[in-house]
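A quick write-up on the structure given underneath.
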Amino acid sequence: MKIKHLSLLMLSAFILFASCGKEDDPAPVIDITQPEPEEPVFIEVDPNINDGLITFEESGPSFAAENKQDETRGPGNWSNFGEVGDLAITVAYSANPSVDDVNDSANVIKVTEPVGVQSWAGFYFMLEENITFPAGKEAISFHFHSPAPGHNVLLKLEDGLANGTDGKKSTGDLFAVTTGTGWETVVFNIPELAGERSGIYNTVTMILGYGVTNEAEAIYYVDNFTFATPVEVVIPSAPTTAPLEPTYTQAEVISIFSDVYTAIDGINFNPDWGQSTVVSTETIAGNDVLKYDNLNYQGTTFATAINASQKTKLHLDFFSGNATTLDFFLISPDANGDDNPEEVAYSLDVTASPGEWNSVDIDLTHFSGVVDTGEIIQFKVAGNGTVYFDNIFFYGGGSGSGTDSAAAYTGTFGGATVSADGVYNFPTGSETWAGFANENASIFPLAFPFGGKITFTGSAATTDVLVNFRFERLPHPDTEPSFSTNNVTISGSDATEYTVNIPPQSAENTFSSALLYLVTQDADVTLSDFVIREYDALPTGTNYSAAYTGTFGGATVSADGVYNFPTGTEAWAGFANENAGMYPLSFENGGRITLNAATEGTDVVIKFKFERLPHPDVDPSFFTAETTISGTDSTAYTIEIPAQDAANTFSSALLYLVTQDANVTITDVVITSLD
């Protein structure tokens, strides 16, 4: 007990001592401060989809200007395209604009498209290594923040080679259409091309507003790229629309089947060759088409052999949702004594666009080594499934013949405007390079080794409007080689057909950008029915040297060919050809006028007129389209003469200046009547 008592006494003394010590000398306070959390570091690196989902949360490609590649695909890892001047899309990382159950990521890619960029503006980024698709995952998906249902998104996978490089490989353009607004998953089936799919592509190319001409700044978001199970593609089994209507004249074709043309007589579309094919004619969208159901093979015979030896091509449109093979044959009589007709097949590609109308132009040289194209007695089709045909005809050959392509100048840039009904305008305040781009990409590439022409319909309600066309190798910036046509003046409120000459270009050059420009500002002009023709041979005809030295109504011309239409002269003042040896002229197949001209600094508008006889017995008569002479250097101009009735001849050829009080030097005028 004493020990316990002593212990308690000592403990009490210690507590007392400790208490007194606290009052005299406070113990130190330990301050434990929590460190600020470190910001996550975003690592700029080429992603690798083979390693799994690409989220852009902690890493992703650099979209910095210094890492942007040029058109050669040199140093860098990304680029954009479809810019116009200084206007270009921008790509950056951004916070998720609307976190939801589809995409709860914090960080996404933001793409900003200003007004004025091309409707095909987009961007690409590179991957660390070529894509290897897992079995059953032969598709790419990503999250897209959709602005509205029915929005078109384009994806294309490419290798690392520059466009135009031999051996360049890509998937081609792949499309997905959105179903709603906000985040949704879009899936793109990756095709196997030439037996290849994996180990090829290291570049992801996207157009997030495909075919959209921005009327206001557009912002798109994408995220979470990964492999996906291919989506089931429902291919239509039958067409619901008619194919594009051909634009050749009846005189230019030998028609077999088409609503547009009168067919030759004596065609049997269903001879009994023991086939299983069921042949019928169906009307679809108001247009008759030829239907081959349960196809194995099918013949077409002609009571009189077709002489297509002066034609250069065979055109046809076909549609199939289930054919896996399809061959089209031309057949002529036995030529080698074996009692068998001569035949050659052309394989139609049923894999490129199944469930759509496909337009094919076949060069007759494909057949002519064996088949006598001057004595075609039969067609044959071999294949399977159900196939629809339309617009089967021969064309080409002869002066001015060629292949027609329908252009759609609906893409605006630089502030130019076009309405849904084809009213074009070049407003004050827009860029000097404002204009319109063809958006029918199927017509490319174009080539003009023999020249060509553009025909269209135009009207200008309030004032004359000057227009011209430009062709470029590729869209900006890789435009060269390029060329522009002469200006043509659209006059009058009545819809009138105009023709613009395309001069021959180097045979190596192709053009995949077709632009339209208005020269006149702030004036509405209605334009439609654009057709670009690539001539298949140099046009031939009879040339006549004109001498527009006869003046009337007060117009003046000097001995060295300086023309003027002075103020104060008659409204009908002009110049008459005085080379009577070239009359009478006829233009059953059209014609052209070529000349050299230069101004003294002021543009001068001219036009030509042809009359049956000099005044007063002038009719029938016609004017050419107006042409603008620009620049002080002598330049070659070509003015198209539209085809005239074969019965009409012309023994009066006149030249008019529309612009008054401006000198223009015109020499070497040649009138060609095309064969």
Residue hits (the range 310-326; more than 28 Å from the chain's Cα centre (by Cα) and modelled with pLDDT of 95 or more) are none
Worksheet item: Is it the case that the range 575-590 has a residue that's without any contact (Cβ under 8 Å) to a residue 60 or more places away in the chain, under 34 Å from the mean Cα position of the chain (by Cα) and open to solvent by less than 30 Å² (accessible area, probe 1.4 Å)?
Response: no
Of (1) among the hydrophobic types (A, V, I, L, M, F, W, C); (2) assigned to a strand (DSSP E or B); (3) buried (at least 20 other Cβ atoms within 10 Å of the Cβ), PHE63 fails just (2)
Taking first residues from the range 345-366 that are in contact (Cβ under 8 Å) with a residue 24 or more places away in the chain and second residues anywhere that are loosely packed, with under 15 Cβ neighbours inside 10 Å and of a type in the set (Lys, Arg), the pairs with Cβ under 9 Å that are 6 or more apart or on different chains are none
Taking the range 607-634 and the residues there that are open to solvent by less than 30 Å² (accessible area, probe 1.4 Å) and among the hydrophobic types (A, V, I, L, M, F, W, C), the one that is nearest to ASP560 (Cα to Cα) would be ILE629
Exactly one of VAL186, VAL233 is closer than 23 Å to ILE49 by Cβ and either part of a strand (DSSP E or B) or of a type in the set (Phe, Trp, Tyr) (or both), and that residue is VAL186
SER332 meets each of (1) polar (S, T, N, Q); (2) surrounded by 12 or more Cβ atoms within 10 Å (Cβ to Cβ); (3) over 15 Å from GLU375 (Cβ atoms); (4) modelled with pLDDT of 95 or more with one exception, condition (3)
Quick check on THR551: is it assigned to a loop (DSSP other than H, G, I, E, B), more than 30 Å from PRO477 (Cα to Cα), at pLDDT 95 or above and of a type in the set (Val, Ile, Thr)? no
- Query: Any chance the range 246-257 includes a residue that's over 30 Å from SER401 (Cβ atoms) and not acidic (Asp, Glu)?
  - Reply: no
Contact list, first residue from the range 628-644 and in contact (Cβ under 8 Å) with a residue 40 or more places away in the chain, second anywhere and open to solvent by 30 Å² or more (accessible area, probe 1.4 Å) and among the basic types (Lys, Arg), beta-carbon distance below 9 Å, six or more apart or interchain, is THR638/ARG592; ILE639/ARG592; ILE639/LYS607; GLU640/LYS453; GLU640/ARG592; ILE641/ARG592
Q. Just to be sure, is GLU343 within 23 Å of the chain's Cα centre (by Cα), open to solvent by 60 Å² or more (accessible area, probe 1.4 Å) and not polar (S, T, N, Q)?
A. no
Scanning the range 173-197 residue by residue, those among the β-branched types (Val, Ile, Thr), closer than 20 Å to LYS110 by Cα, touching a residue at least 40 places away in the same chain (Cβ under 8 Å) and open to solvent by less than 70 Å² (accessible area, probe 1.4 Å) turn out to be VAL186, VAL187
When THR410 is run through (1) closer than 29 Å to ILE264 by Cβ; (2) in contact (Cβ under 8 Å) with a residue 24 or more places away in the chain; (3) open to solvent by 30 Å² or more (accessible area, probe 1.4 Å), the failure sits at (1)
Note: among ALA441, ALA461, ALA495, just one is aliphatic (A, V, I, L, M), at pLDDT below 90, closer than 29 Å to ASP361 by Cβ and open to solvent by 30 Å² or more (accessible area, probe 1.4 Å), namely ALA441
THR432 being modelled with pLDDT under 95, open to solvent by 40 Å² or more (accessible area, probe 1.4 Å), out of contact with any strand residue (DSSP E or B) (no Cβ under 9 Å at 6 or more places or on another chain) and of a type in the set (Val, Ile, Thr):
yes
* Return yes or no: is GLY116 outside any strand (DSSP E or B) and in contact with a Leu (Cβ under 6 Å, 6 or more places away or on another chain)? => yes
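The values are calculated or read from the model by the stated rules, or taken from the named source; none is laboratory data. Small disclaimer: the values here were computed from a predicted structure and weren't measured. Reconstructed Cβ throughout: ideal geometry from the backbone, glycine too, with neighbour counts over all protein chains shown. Each accessible area value is taken on the protein alone, full model and side chains, heavy atoms only, with ligands, DNA and RNA left out. Shrake-Rupley method; radii C 1.70, N 1.55, O 1.52, S 1.80 Å.
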